[in-house]
Amino acid sequence: MPDEPLFPVVDVSEWEIVNLETSGAEAKFWLEDPDTEQHWLFKSVTIKDGHVHGEDWAEKAGSHLGRLLGIPCAQIKMAVRGGEKGSIVANLAPARYQMQPGQVVLESCSAPGYMHRKGRDHPGHSLENIRDALRRDMPPPGCELPFNASAFDVFAGYVVFDAWIANQDRHDNNWSVLTPITAVDGPRLLSGSYDHASSLAFGEPDSRRQTLMSEPGGVARWCARGRASRFEGRPKLAEAADRALRLASSEARDFWLEQLRQVTDTDVGSVLNRVPRMSEAARMFAAKLLELNQKGVLDACA
């Protein structure tokens with residue numbers, strides 16, 4: 001079978017800016033597709049000291065890797081705007097719904113000990129508080145699991161997913177609930193997963209990737225340092241996954257672990273090999289990272 005083509009890159013230079021996005025450190029803005037009138041968030045890549053980071057390809061790869069697990073993810077397209085590289089993210093809110101970030105959710109329910117902070121410490125941003133805050137909510141739109149899942153059962157899947165792709169950035173504005181504009185518009189729902197840019201070693205230069213891959217156990221040491229650094233206590237990623245699954249239902253625990261267990265190297269390759277802008281070193285490092293983290297999460301949750 002011939003190799004599948006690369007995912008396309010969309011030129012959004014002529015798309016109209018319809019709103020600015022104020023959350024996060026980077027400049028981001030909402031664009032309108034002139035053909036469909038759908039709104040997409042444009043996010044440019046970071047260039048620091050001449051090094052181009054890979055947020056765009058990490059976002060794209062992450063969205064497809066998430067679907068291998070059955071995670072409801074935001075739709076991502078690689079993009080360019082006026083020569084600037086980036087990605088576009090589809091709006092996750094259905095008609096007559098709006099996104100309410102985790103910060104607002106936790107503040108509105110007076111989560112014990114919670115305080116929004118941008119630094120190293122994140123008091124009260126804990127899996128226990130998130131579970132309690134989501135207790136009355138429903139799973140994301142279109143999320144069909146083979147059991148009667150709660151919103152937190154799905155969120156636990158997000159934490160497993162983060163541990164697999166080495167996403168250390170699940171802060172309190174990187175998860176949301178979808179709230180209806182009026183009560184008659186429907187129930188409150190967990191949002192699909194989004195903002196996976198800080199994953200798959202997106203910021204490492206190729207020279208560093210190559211050095212780690214050439215050293216015995218180099219990639220394993222890199223993976224072992226991964227932490228869920230935006231949660232209270234900064235647990236290791238695999239430990240956070242185990243904790244989330246212990247707080248979820250037994251059906252959710254069994255489901256997400258089996259989903260992860262069934263992912264093959266071929267599945268991963270079918271995603272990574274189609275992502276534009278990834279160097280060969282980035283592709284090889286990501287594949288090894290995913291292989292090691294898959295085993296690490298399954299071992300931690302055994």
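Key figures
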| read-out | value |
| --- | --- |
| MRE, 222 nm, helices only [DSSP H, n ≥ 4, -39500 (n - 2.57), over the chain, to nearest 500] | -11500 deg cm²/dmol |
| Under the Debye formula (equal points on every Cα, no solvent term), log10 I(q)/I(0) of the stretch 1-150 at q = 0.16, 0.22 Å⁻¹ | -1.15, -1.42 |
| Cross-link pairs LYS28/LYS60; LYS43/LYS288; LYS85/LYS236; LYS28/LYS288 - those with Cα-Cα distance over 25 Å | LYS43/LYS288; LYS85/LYS236; LYS28/LYS288 |
| TRP222, TRP30, TRP164 arranged by Cβ crowding within 10 Å, fewest neighbours leading | TRP30, TRP222, TRP164 |
| Estimated inter-spin distance, ILE47 and ALA95, nm [label 7 Å along Cα→Cβ] | 4.1 nm |
| Cα-based equivalent ellipsoid of the stretch 9-90: semi-axis lengths in Å, sorted from largest, via gyration tensor | 19, 18, 12 |
| Taking PHE161, PHE147, PHE152, PHE42 and counting other C-beta atoms within 10 Å, the order from fewest to most | PHE147, PHE42, PHE152, PHE161 |
| Long-range HN-HN contacts of GLU21 with modeled amide H, under 5 Å | LYS28, PHE29, TRP30 |
| Modelled FRET efficiency - R0 30 Å, THR36 with ASP206, Cβ distances, 0.05 increments | 0.25 |
| Share, in percent, of DSSP beta bridges within the stretch 97-300 that are antiparallel, nearest 5 | 90 percent |
| Ascending count of other beta-carbon atoms within 10 Å, so fewest first, for ASP265, ASP33, ASP153, ASP56 | ASP265, ASP33, ASP153, ASP56 |
| Contact order normalised by residue count of the stretch 152-302, Cα under 8 Å, 6+ apart, percent | 35 percent |
| Alpha carbon convex hull of the chain, projected area averaged over orientations, nm² | 16.6 nm² |
| Calculated FRET value between GLU84 and SER250, using beta carbons and R₀ = 45 Å, to 0.05 | 0.45 |
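Throughout, read-outs are computed from the coordinates displayed, never taken from laboratory work. All values reported here derive from a predicted model rather than from experimental measurement. When we count neighbours, we look across all protein chains shown, and the Cβ atoms used for this are built from the backbone with ideal geometry, even at glycine.
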